[in-house]
Amino acid sequence: MADQRNQPDHPGQPGEREQAYLLGLRLGGKKVVVVGGGAVATRRVPALLAAGADITLVSPGITPGLEDLATSGRITWLARAYQPGDCAGAWLACACASGREVNEQVALEADAQRVWCVRADDAGASSAWTPAAGGAAGVQVGVLSGDPRRSAAVRDAITNGLSAGTISARHWRRRRPGVALIGGGPGDPGLITVRGRQLLAEADVVVADHLAPRELLAELPPDVLVIDAAKIPYGRSMTQREINDLLISHAASGRFVVRLKGGDPFVFGRGGEEMLACLRAGIPVTVVPGVTSAVGVPAAAGVPVTHRGIVQDFHVISVHVPPGDERSSVDWESLARGTGTLILLMAVNRLGAVAEALIRFGRAATTPVTVIADGTMPTQRTMYATLENMERRVADAGLRPPAVVVIGEVVTIAAELAGLARDVATTPPLVPPAGGG
Ligand SMILES: C[S@@+](CC[C@H](N)C(=O)[O-])C[C@H]1O[C@@H](n2cnc3c(N)ncnc32)[C@H](O)[C@@H]1O
(Lines give C-alpha, C1' and ligand atoms only; values in the text may rest on other atoms or scores of the structure.)
Protein backbone atom coordinates (compact mmCIF):
# COMPACT_ATOMS: atom_id res chain seq x y z
CA MET A 1 0.00 0.00 0.00
CA ALA A 2 1.10 3.60 -0.15
CA ASP A 3 2.62 3.23 3.30
CA GLN A 4 5.03 0.71 1.88
CA ARG A 5 5.81 2.77 -1.19
CA ASN A 6 9.54 2.62 -0.62
CA GLN A 7 9.59 -0.91 0.64
CA PRO A 8 12.50 -2.60 -1.18
CA ASP A 9 12.26 -5.99 -2.82
CA HIS A 10 14.91 -7.15 -0.40
CA PRO A 11 14.19 -5.68 2.99
CA GLY A 12 16.70 -3.07 4.11
CA GLN A 13 18.25 -2.50 7.50
CA PRO A 14 18.73 -4.50 9.56
CA GLY A 15 19.43 -7.80 7.79
CA GLU A 16 18.88 -7.41 4.06
CA ARG A 17 17.70 -10.96 3.43
CA GLU A 18 15.58 -11.46 6.52
CA GLN A 19 11.88 -12.03 6.13
CA ALA A 20 9.45 -10.02 8.22
CA TYR A 21 7.99 -11.96 11.12
CA LEU A 22 4.23 -11.56 10.76
CA LEU A 23 2.43 -10.84 14.00
CA GLY A 24 -1.05 -9.68 14.95
CA LEU A 25 -0.69 -6.86 17.45
CA ARG A 26 -3.39 -6.60 20.12
CA LEU A 27 -3.18 -2.91 20.87
CA GLY A 28 -6.20 -2.55 23.20
CA GLY A 29 -5.40 0.31 25.63
CA LYS A 30 -1.74 0.45 24.57
CA LYS A 31 -0.10 3.73 23.68
CA VAL A 32 0.69 4.31 20.01
CA VAL A 33 2.45 7.49 18.92
CA VAL A 34 1.64 8.85 15.49
CA VAL A 35 3.90 11.65 14.28
CA GLY A 36 2.41 13.62 11.41
CA GLY A 37 -1.15 14.68 10.69
CA GLY A 38 -1.46 14.36 6.91
CA ALA A 39 -2.96 11.85 4.51
CA VAL A 40 -0.93 8.85 5.68
CA ALA A 41 -1.85 9.40 9.33
CA THR A 42 -5.49 9.91 8.30
CA ARG A 43 -5.46 6.52 6.60
CA ARG A 44 -3.64 4.73 9.37
CA VAL A 45 -5.35 6.06 12.52
CA PRO A 46 -8.79 4.44 11.95
CA ALA A 47 -7.27 0.94 11.81
CA LEU A 48 -5.28 1.63 14.98
CA LEU A 49 -8.44 2.88 16.67
CA ALA A 50 -10.29 -0.22 15.53
CA ALA A 51 -7.60 -2.24 17.29
CA GLY A 52 -8.30 -0.25 20.48
CA ALA A 53 -4.99 1.66 20.53
CA ASP A 54 -4.56 4.65 22.83
CA ILE A 55 -3.34 7.12 20.20
CA THR A 56 -1.23 10.22 20.79
CA LEU A 57 -0.87 12.22 17.61
CA VAL A 58 1.93 14.76 17.38
CA SER A 59 1.70 17.37 14.63
CA PRO A 60 1.33 21.14 14.38
CA GLY A 61 -1.50 20.74 11.86
CA ILE A 62 -3.90 17.89 11.06
CA THR A 63 -6.53 16.97 8.47
CA PRO A 64 -10.23 17.67 9.22
CA GLY A 65 -10.83 13.92 9.67
CA LEU A 66 -8.17 13.69 12.37
CA GLU A 67 -9.40 16.90 13.95
CA ASP A 68 -12.87 15.35 14.30
CA LEU A 69 -11.31 12.38 16.12
CA ALA A 70 -9.34 14.73 18.38
CA THR A 71 -12.38 16.90 19.13
CA SER A 72 -14.49 13.88 20.01
CA GLY A 73 -11.75 12.66 22.36
CA ARG A 74 -10.97 9.49 20.43
CA ILE A 75 -7.31 10.47 20.02
CA THR A 76 -5.00 12.79 21.95
CA TRP A 77 -3.59 15.53 19.75
CA LEU A 78 -0.41 17.37 20.71
CA ALA A 79 -0.54 20.39 18.39
CA ARG A 80 3.17 20.93 18.05
CA ALA A 81 6.23 19.57 16.28
CA TYR A 82 7.78 16.28 17.34
CA GLN A 83 10.12 16.47 20.35
CA PRO A 84 12.58 13.82 21.51
CA GLY A 85 10.90 11.84 24.26
CA ASP A 86 7.51 11.64 22.49
CA CYS A 87 7.96 7.90 22.02
CA ALA A 88 8.31 7.27 25.75
CA GLY A 89 5.88 4.64 27.00
CA ALA A 90 4.63 3.76 23.49
CA TRP A 91 4.37 0.21 22.18
CA LEU A 92 4.40 1.31 18.58
CA ALA A 93 5.38 4.47 16.72
CA CYS A 94 4.18 5.57 13.30
CA ALA A 95 6.47 8.09 11.66
CA CYS A 96 4.16 9.72 9.10
CA ALA A 97 5.59 13.28 9.04
CA SER A 98 6.13 15.00 5.70
CA GLY A 99 9.79 15.75 6.56
CA ARG A 100 12.31 12.93 6.22
CA GLU A 101 14.47 14.22 9.09
CA VAL A 102 11.52 14.12 11.50
CA ASN A 103 10.75 10.52 10.60
CA GLU A 104 14.42 9.65 10.97
CA GLN A 105 14.50 11.13 14.47
CA VAL A 106 11.31 9.32 15.47
CA ALA A 107 12.72 6.02 14.19
CA LEU A 108 16.01 6.56 16.02
CA GLU A 109 14.27 7.38 19.28
CA ALA A 110 11.89 4.44 18.88
CA ASP A 111 14.83 2.09 18.28
CA ALA A 112 16.64 3.39 21.32
CA GLN A 113 13.51 2.83 23.43
CA ARG A 114 12.89 -0.62 21.84
CA VAL A 115 9.61 0.55 20.35
CA TRP A 116 8.59 -0.84 16.95
CA CYS A 117 8.43 1.93 14.37
CA VAL A 118 6.70 2.07 10.97
CA ARG A 119 8.21 4.72 8.71
CA ALA A 120 5.88 5.94 6.00
CA ASP A 121 8.66 7.49 3.93
CA ASP A 122 11.29 4.74 3.97
CA ALA A 123 10.18 1.15 4.45
CA GLY A 124 13.78 -0.01 4.15
CA ALA A 125 14.64 1.95 7.29
CA SER A 126 11.54 0.79 9.19
CA SER A 127 11.70 -1.73 12.00
CA ALA A 128 8.07 -2.69 11.26
CA TRP A 129 5.89 -2.73 8.16
CA THR A 130 2.19 -2.26 7.74
CA PRO A 131 0.82 -5.05 5.56
CA ALA A 132 -1.84 -4.56 2.91
CA ALA A 133 -4.71 -5.41 5.25
CA GLY A 134 -8.34 -6.28 4.79
CA GLY A 135 -11.01 -8.57 6.05
CA ALA A 136 -13.94 -10.67 4.90
CA ALA A 137 -16.11 -13.44 6.30
CA GLY A 138 -14.66 -12.90 9.79
CA VAL A 139 -11.06 -13.35 8.59
CA GLN A 140 -8.35 -10.68 8.81
CA VAL A 141 -5.80 -10.76 6.04
CA GLY A 142 -2.41 -9.03 5.95
CA VAL A 143 -0.06 -9.31 2.99
CA LEU A 144 3.60 -8.33 2.63
CA SER A 145 5.35 -9.01 -0.63
CA GLY A 146 7.93 -6.26 -0.99
CA ASP A 147 5.75 -4.75 -3.72
CA PRO A 148 2.85 -2.73 -2.28
CA ARG A 149 0.64 -3.00 -5.36
CA ARG A 150 1.15 -6.73 -5.55
CA SER A 151 0.39 -7.03 -1.83
CA ALA A 152 -2.84 -5.09 -2.31
CA ALA A 153 -3.79 -7.26 -5.30
CA VAL A 154 -3.17 -10.46 -3.31
CA ARG A 155 -5.17 -9.05 -0.41
CA ASP A 156 -8.05 -8.18 -2.76
CA ALA A 157 -7.98 -11.61 -4.37
CA ILE A 158 -8.18 -13.25 -0.95
CA THR A 159 -10.87 -11.00 0.52
CA ASN A 160 -12.95 -11.16 -2.67
CA GLY A 161 -12.64 -14.94 -2.70
CA LEU A 162 -13.66 -15.16 0.94
CA SER A 163 -16.64 -12.85 0.36
CA ALA A 164 -17.77 -14.77 -2.69
CA GLY A 165 -17.18 -18.17 -1.12
CA THR A 166 -14.85 -19.14 -3.98
CA ILE A 167 -12.07 -19.63 -1.43
CA SER A 168 -12.99 -22.55 0.73
CA ALA A 169 -12.31 -21.51 4.32
CA ARG A 170 -14.36 -23.58 6.66
CA HIS A 171 -14.61 -22.61 10.32
CA TRP A 172 -13.16 -25.24 12.63
CA ARG A 173 -13.43 -23.65 16.06
CA ARG A 174 -16.76 -21.89 15.56
CA ARG A 175 -18.50 -24.23 13.19
CA ARG A 176 -21.98 -23.55 12.03
CA PRO A 177 -24.52 -25.98 13.32
CA GLY A 178 -27.49 -27.34 11.44
CA VAL A 179 -28.81 -27.21 7.93
CA ALA A 180 -28.78 -24.49 5.27
CA LEU A 181 -31.46 -24.69 2.60
CA ILE A 182 -29.78 -22.93 -0.30
CA GLY A 183 -31.42 -21.87 -3.52
CA GLY A 184 -28.82 -22.44 -6.22
CA GLY A 185 -30.62 -20.54 -8.99
CA PRO A 186 -31.82 -21.95 -12.30
CA GLY A 187 -28.65 -23.73 -13.39
CA ASP A 188 -25.88 -21.33 -14.39
CA PRO A 189 -23.40 -21.53 -11.48
CA GLY A 190 -23.00 -17.74 -11.64
CA LEU A 191 -26.61 -17.29 -10.56
CA ILE A 192 -26.28 -18.58 -7.00
CA THR A 193 -26.20 -15.75 -4.42
CA VAL A 194 -22.99 -14.69 -2.68
CA ARG A 195 -24.46 -15.90 0.64
CA GLY A 196 -25.30 -19.26 -0.91
CA ARG A 197 -21.77 -19.70 -2.16
CA GLN A 198 -20.27 -18.67 1.17
CA LEU A 199 -22.32 -21.24 3.06
CA LEU A 200 -21.65 -23.92 0.45
CA ALA A 201 -17.93 -23.38 1.07
CA GLU A 202 -18.54 -24.15 4.77
CA ALA A 203 -20.39 -27.41 4.19
CA ASP A 204 -19.36 -30.78 5.61
CA VAL A 205 -22.18 -32.51 3.78
CA VAL A 206 -24.03 -31.37 0.64
CA VAL A 207 -27.32 -32.94 -0.37
CA ALA A 208 -27.84 -31.80 -3.97
CA ASP A 209 -30.85 -31.87 -6.25
CA HIS A 210 -30.85 -32.75 -9.94
CA LEU A 211 -31.53 -29.12 -10.92
CA ALA A 212 -29.00 -27.54 -8.51
CA PRO A 213 -25.97 -25.92 -10.21
CA ARG A 214 -23.80 -29.03 -10.22
CA GLU A 215 -20.60 -27.37 -11.44
CA LEU A 216 -20.30 -25.90 -7.95
CA LEU A 217 -19.99 -29.38 -6.47
CA ALA A 218 -16.74 -29.94 -8.37
CA GLU A 219 -15.15 -27.05 -6.45
CA LEU A 220 -15.78 -28.60 -3.04
CA PRO A 221 -12.81 -30.00 -1.09
CA PRO A 222 -12.50 -33.82 -1.33
CA ASP A 223 -13.49 -34.38 2.31
CA VAL A 224 -16.98 -32.91 1.76
CA LEU A 225 -19.59 -35.64 1.54
CA VAL A 226 -21.77 -35.00 -1.52
CA ILE A 227 -25.07 -36.88 -1.62
CA ASP A 228 -27.07 -36.98 -4.84
CA ALA A 229 -30.75 -36.65 -4.04
CA ALA A 230 -31.50 -36.53 -7.75
CA LYS A 231 -35.16 -36.29 -8.43
CA ILE A 232 -34.98 -37.19 -12.08
CA PRO A 233 -38.43 -36.82 -13.62
CA TYR A 234 -39.98 -40.22 -14.28
CA GLY A 235 -36.83 -41.91 -12.98
CA ARG A 236 -35.23 -43.07 -9.76
CA SER A 237 -35.48 -40.64 -6.89
CA MET A 238 -34.81 -40.44 -3.19
CA THR A 239 -38.06 -40.04 -1.24
CA GLN A 240 -38.67 -36.80 0.62
CA ARG A 241 -38.71 -38.79 3.85
CA GLU A 242 -35.25 -40.20 3.08
CA ILE A 243 -33.94 -36.71 2.33
CA ASN A 244 -35.36 -35.28 5.56
CA ASP A 245 -33.83 -38.15 7.55
CA LEU A 246 -30.44 -37.58 5.91
CA LEU A 247 -30.45 -33.87 6.70
CA ILE A 248 -31.43 -34.52 10.31
CA SER A 249 -29.01 -37.38 10.96
CA HIS A 250 -25.95 -35.60 9.54
CA ALA A 251 -26.78 -32.33 11.30
CA ALA A 252 -27.49 -34.16 14.58
CA SER A 253 -24.01 -35.66 14.44
CA GLY A 254 -22.50 -32.14 14.40
CA ARG A 255 -22.00 -31.64 10.65
CA PHE A 256 -22.97 -28.53 8.75
CA VAL A 257 -25.33 -29.73 6.06
CA VAL A 258 -26.12 -27.78 2.91
CA ARG A 259 -29.27 -28.73 1.05
CA LEU A 260 -28.52 -27.36 -2.42
CA LYS A 261 -31.60 -26.90 -4.57
CA GLY A 262 -32.40 -25.53 -7.99
CA GLY A 263 -34.06 -22.11 -8.11
CA ASP A 264 -35.52 -20.97 -4.82
CA PRO A 265 -36.01 -23.50 -2.03
CA PHE A 266 -39.54 -22.35 -1.28
CA VAL A 267 -40.87 -22.25 -4.87
CA PHE A 268 -42.09 -25.77 -5.61
CA GLY A 269 -38.90 -26.90 -3.92
CA ARG A 270 -40.30 -28.64 -0.83
CA GLY A 271 -38.07 -26.41 1.26
CA GLY A 272 -40.90 -25.78 3.68
CA GLU A 273 -41.29 -29.51 4.35
CA GLU A 274 -37.57 -29.94 4.92
CA MET A 275 -37.46 -26.95 7.26
CA LEU A 276 -40.41 -28.27 9.24
CA ALA A 277 -38.81 -31.70 9.59
CA CYS A 278 -35.48 -30.24 10.73
CA LEU A 279 -36.97 -27.78 13.22
CA ARG A 280 -39.23 -30.49 14.65
CA ALA A 281 -36.08 -32.55 15.21
CA GLY A 282 -34.43 -29.56 16.96
CA ILE A 283 -32.04 -28.78 14.08
CA PRO A 284 -31.44 -25.07 13.34
CA VAL A 285 -32.11 -24.08 9.73
CA THR A 286 -30.83 -21.17 7.64
CA VAL A 287 -32.67 -20.37 4.41
CA VAL A 288 -30.82 -18.72 1.54
CA PRO A 289 -33.17 -17.52 -1.20
CA GLY A 290 -32.36 -18.34 -4.79
CA VAL A 291 -33.22 -16.97 -8.23
CA THR A 292 -36.30 -18.98 -9.08
CA SER A 293 -36.49 -20.47 -12.57
CA ALA A 294 -40.04 -19.12 -12.75
CA VAL A 295 -38.77 -15.59 -13.41
CA GLY A 296 -34.99 -16.16 -13.78
CA VAL A 297 -35.28 -18.44 -16.81
CA PRO A 298 -37.64 -16.11 -18.75
CA ALA A 299 -35.45 -13.11 -17.81
CA ALA A 300 -32.27 -14.82 -19.00
CA ALA A 301 -34.05 -15.69 -22.26
CA GLY A 302 -35.22 -12.09 -22.75
CA VAL A 303 -38.86 -12.66 -21.79
CA PRO A 304 -40.21 -9.94 -19.47
CA VAL A 305 -42.97 -11.46 -17.36
CA THR A 306 -44.66 -8.07 -16.95
CA HIS A 307 -44.62 -5.10 -19.33
CA ARG A 308 -46.04 -1.65 -18.66
CA GLY A 309 -49.22 -1.10 -20.62
CA ILE A 310 -49.58 -4.78 -21.52
CA VAL A 311 -49.81 -6.84 -18.37
CA GLN A 312 -49.55 -6.13 -14.68
CA ASP A 313 -49.82 -9.56 -13.12
CA PHE A 314 -48.15 -12.91 -13.52
CA HIS A 315 -49.00 -16.29 -12.08
CA VAL A 316 -46.60 -19.14 -11.42
CA ILE A 317 -48.27 -22.52 -11.67
CA SER A 318 -47.01 -26.00 -10.99
CA VAL A 319 -48.47 -28.42 -13.55
CA HIS A 320 -47.15 -31.57 -11.88
CA VAL A 321 -50.78 -32.62 -12.09
CA PRO A 322 -52.85 -31.54 -15.14
CA PRO A 323 -56.03 -29.42 -15.17
CA GLY A 324 -59.02 -31.55 -14.29
CA ASP A 325 -56.99 -33.92 -12.10
CA GLU A 326 -58.63 -34.31 -8.72
CA ARG A 327 -55.31 -33.50 -7.02
CA SER A 328 -55.09 -30.11 -8.79
CA SER A 329 -55.91 -27.05 -6.67
CA VAL A 330 -55.35 -24.58 -9.52
CA ASP A 331 -58.30 -22.45 -10.62
CA TRP A 332 -57.72 -22.73 -14.38
CA GLU A 333 -61.00 -21.02 -15.12
CA SER A 334 -60.04 -17.74 -13.44
CA LEU A 335 -56.52 -17.93 -14.91
CA ALA A 336 -58.05 -18.30 -18.37
CA ARG A 337 -60.46 -15.41 -17.86
CA GLY A 338 -57.73 -12.98 -16.75
CA THR A 339 -55.03 -11.39 -18.87
CA GLY A 340 -52.05 -12.09 -16.61
CA THR A 341 -48.92 -13.85 -17.80
CA LEU A 342 -49.03 -17.56 -16.98
CA ILE A 343 -45.72 -19.17 -16.08
CA LEU A 344 -45.91 -22.94 -16.01
CA LEU A 345 -43.39 -25.22 -14.32
CA MET A 346 -43.28 -29.00 -14.67
CA ALA A 347 -45.65 -28.67 -17.61
CA VAL A 348 -43.86 -30.11 -20.67
CA ASN A 349 -45.75 -33.40 -20.68
CA ARG A 350 -49.13 -31.87 -19.91
CA LEU A 351 -49.33 -29.05 -22.46
CA GLY A 352 -52.31 -30.54 -24.35
CA ALA A 353 -54.45 -30.61 -21.23
CA VAL A 354 -53.38 -27.06 -20.28
CA ALA A 355 -54.22 -25.67 -23.74
CA GLU A 356 -57.57 -27.41 -23.79
CA ALA A 357 -58.56 -26.04 -20.36
CA LEU A 358 -57.40 -22.47 -21.01
CA ILE A 359 -59.12 -22.25 -24.43
CA ARG A 360 -62.27 -23.84 -23.06
CA PHE A 361 -62.40 -21.27 -20.25
CA GLY A 362 -61.88 -18.29 -22.58
CA ARG A 363 -58.21 -17.61 -23.43
CA ALA A 364 -57.73 -17.00 -27.14
CA ALA A 365 -56.32 -20.00 -29.00
CA THR A 366 -53.88 -17.59 -30.67
CA THR A 367 -52.36 -16.40 -27.36
CA PRO A 368 -48.59 -16.38 -27.86
CA VAL A 369 -46.46 -18.86 -25.95
CA THR A 370 -42.76 -19.37 -25.45
CA VAL A 371 -41.09 -22.45 -24.03
CA ILE A 372 -37.56 -22.23 -22.61
CA ALA A 373 -35.78 -25.50 -21.90
CA ASP A 374 -32.50 -25.83 -19.95
CA GLY A 375 -32.72 -22.12 -19.13
CA THR A 376 -29.43 -20.33 -18.33
CA MET A 377 -27.43 -23.41 -19.28
CA PRO A 378 -25.24 -23.86 -22.37
CA THR A 379 -27.93 -26.15 -23.81
CA GLN A 380 -30.74 -23.55 -23.45
CA ARG A 381 -33.38 -23.68 -26.22
CA THR A 382 -36.25 -21.27 -26.78
CA MET A 383 -39.29 -21.90 -28.95
CA TYR A 384 -42.31 -19.78 -29.87
CA ALA A 385 -45.84 -21.11 -30.39
CA THR A 386 -49.49 -20.32 -29.69
CA LEU A 387 -51.78 -21.83 -27.12
CA GLU A 388 -53.45 -24.08 -29.71
CA ASN A 389 -50.27 -25.48 -31.25
CA MET A 390 -47.80 -25.46 -28.34
CA GLU A 391 -48.11 -29.17 -27.56
CA ARG A 392 -47.31 -30.20 -31.17
CA ARG A 393 -44.51 -27.64 -31.57
CA VAL A 394 -42.80 -28.77 -28.37
CA ALA A 395 -43.04 -32.40 -29.47
CA ASP A 396 -41.72 -31.57 -32.98
CA ALA A 397 -38.81 -29.60 -31.53
CA GLY A 398 -38.06 -32.45 -29.10
CA LEU A 399 -37.96 -30.12 -26.11
CA ARG A 400 -37.55 -31.96 -22.82
CA PRO A 401 -37.79 -30.94 -19.18
CA PRO A 402 -36.69 -28.88 -17.42
CA ALA A 403 -38.60 -26.13 -19.17
CA VAL A 404 -40.54 -23.01 -18.30
CA VAL A 405 -43.61 -22.18 -20.37
CA VAL A 406 -44.71 -18.55 -20.61
CA ILE A 407 -48.20 -17.82 -21.93
CA GLY A 408 -49.47 -14.30 -22.64
CA GLU A 409 -49.06 -11.08 -24.57
CA VAL A 410 -45.59 -10.42 -23.09
CA VAL A 411 -44.34 -13.07 -25.52
CA THR A 412 -44.84 -10.58 -28.39
CA ILE A 413 -42.47 -8.20 -26.56
CA ALA A 414 -40.00 -11.06 -26.10
CA ALA A 415 -40.11 -11.80 -29.85
CA GLU A 416 -39.52 -8.12 -30.64
CA LEU A 417 -36.62 -7.97 -28.17
CA ALA A 418 -35.09 -11.09 -29.69
CA GLY A 419 -35.30 -9.59 -33.22
CA LEU A 420 -33.75 -6.31 -32.13
CA ALA A 421 -31.00 -8.10 -30.20
CA ARG A 422 -30.16 -10.12 -33.35
CA ASP A 423 -29.97 -6.91 -35.43
CA VAL A 424 -27.70 -5.23 -32.86
CA ALA A 425 -25.42 -8.26 -32.78
CA THR A 426 -25.06 -8.34 -36.58
CA THR A 427 -24.74 -4.56 -37.15
CA PRO A 428 -21.17 -3.22 -37.02
CA PRO A 429 -20.74 -0.71 -34.18
CA LEU A 430 -20.98 2.98 -35.09
CA VAL A 431 -17.54 4.49 -35.71
CA PRO A 432 -17.17 8.28 -35.37
CA PRO A 433 -16.14 9.90 -38.66
CA ALA A 434 -12.38 10.41 -38.99
CA GLY A 435 -10.79 13.85 -39.29
CA GLY A 436 -13.40 15.79 -37.35
CA GLY A 437 -15.34 16.42 -40.60
C1 LIG B 1 -39.59 -28.99 -8.87
S2 LIG B 1 -39.59 -27.49 -9.75
C3 LIG B 1 -38.39 -26.61 -8.84
C4 LIG B 1 -38.44 -25.14 -9.04
C5 LIG B 1 -37.34 -24.41 -8.33
N6 LIG B 1 -37.47 -24.50 -6.91
C7 LIG B 1 -37.26 -22.95 -8.73
O8 LIG B 1 -37.51 -22.06 -7.93
O9 LIG B 1 -36.89 -22.72 -9.90
C10 LIG B 1 -38.74 -27.95 -11.21
C11 LIG B 1 -39.21 -27.18 -12.44
O12 LIG B 1 -38.62 -25.90 -12.47
C13 LIG B 1 -38.42 -25.54 -13.82
N14 LIG B 1 -36.97 -25.36 -14.02
C15 LIG B 1 -36.02 -25.44 -13.11
N16 LIG B 1 -34.82 -25.15 -13.62
C17 LIG B 1 -35.02 -24.86 -14.92
C18 LIG B 1 -34.20 -24.48 -16.00
N19 LIG B 1 -32.88 -24.31 -15.83
N20 LIG B 1 -34.74 -24.27 -17.20
C21 LIG B 1 -36.06 -24.41 -17.39
N22 LIG B 1 -36.90 -24.77 -16.39
C23 LIG B 1 -36.40 -24.99 -15.18
C24 LIG B 1 -38.94 -26.66 -14.69
O25 LIG B 1 -40.28 -26.38 -15.00
C26 LIG B 1 -38.81 -27.81 -13.73
O27 LIG B 1 -39.68 -28.86 -14.11
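Based on what the data block shows, is E391 at pLDDT 95 or above, within 16 Å of the ligand (Cβ to nearest atom) and acidic (D, E)? Give the steps one after another, and end with the answer.
On the way: at pLDDT 95 or above: yes; within 16 Å of the ligand (Cβ to nearest atom): yes; acidic (D, E): yes.
When the stated conditions are applied, E391 passes them.
Condition first: among the hydroxyl-bearing types (S, T, Y) and within 20 Å of the chain's Cα centre (by Cα). Now tell me which residues in segment 270-314 satisfy that.
T286, T292, S293, listed by residue number.
Every residue in segment 330-356 that is within 16 Å of the ligand (Cβ to nearest atom) and free of Cβ contacts under 8 Å to residues at least 24 places away in the same chain, please.
V330
Counting only residues that are assigned to a loop (DSSP other than H, G, I, E, B) and within 18 Å of P213 (Cα to Cα), how many does segment 358-399 have?
Qualifying residue count, segment 358-399: 7.
Do you know which of the residues in segment 337-356 that are assigned to a helix (DSSP H, G or I) and surrounded by fewer than 20 Cβ atoms within 10 Å (Cβ to Cβ) is farthest from the chain's Cα centre (by Cα)?
Here the answer is E356.
When the residues of segment 360-391 are filtered to those that are in contact with a Leu (Cβ under 9 Å, 6 or more places away or on another chain) and basic (K, R), which remaining residue is surrounded by the most Cβ atoms within 10 Å (Cβ to Cβ)?
Result: R363.
Please go through (1) touching a His at 6+ places or on another chain (Cβ under 9 Å); (2) at pLDDT below 90; (3) closer than 25 Å to V295 by Cα for Y234 and return the number of the only condition it doesn't satisfy.
(1)
Name, by its number, the condition in (1) surrounded by fewer than 21 Cβ atoms within 10 Å (Cβ to Cβ); (2) closer than 21 Å to G183 by Cβ that does not hold for V330.
In the conditions (1) surrounded by fewer than 21 Cβ atoms within 10 Å (Cβ to Cβ); (2) closer than 21 Å to G183 by Cβ, V330 misses (2) alone.
For every residue, the table says whether it meets (1) within 16 Å of the ligand (Cβ to nearest atom); (2) acidic (D, E); (3) outside the structural domain of T376 (by TED's automatic domain parsing).
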position: L246; (1), (2), (3): no, no, yes
position: V267; (1), (2), (3): yes, no, yes
position: C278; (1), (2), (3): no, no, yes
position: A300; (1), (2), (3): yes, no, no
position: R308; (1), (2), (3): no, no, no
position: V311; (1), (2), (3): no, no, no
position: H315; (1), (2), (3): yes, no, no
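Go through (1) within 16 Å of the ligand (Cβ to nearest atom); (2) free of Cβ contacts under 8 Å to residues at least 60 places away in the same chain; (3) buried (at least 19 other Cβ atoms within 10 Å of the Cβ) one by one and return the number of the condition V321 breaks.
Failed condition: (3).
The values are calculated or read from the model by the stated rules, or taken from the named source; none is laboratory data. Quick caveat: nothing in here was measured; it's all calculated off a predicted structure. Quick reminder, even Gly has a Cβ in these numbers, built from the backbone with ideal geometry, and neighbours come from all protein chains shown.
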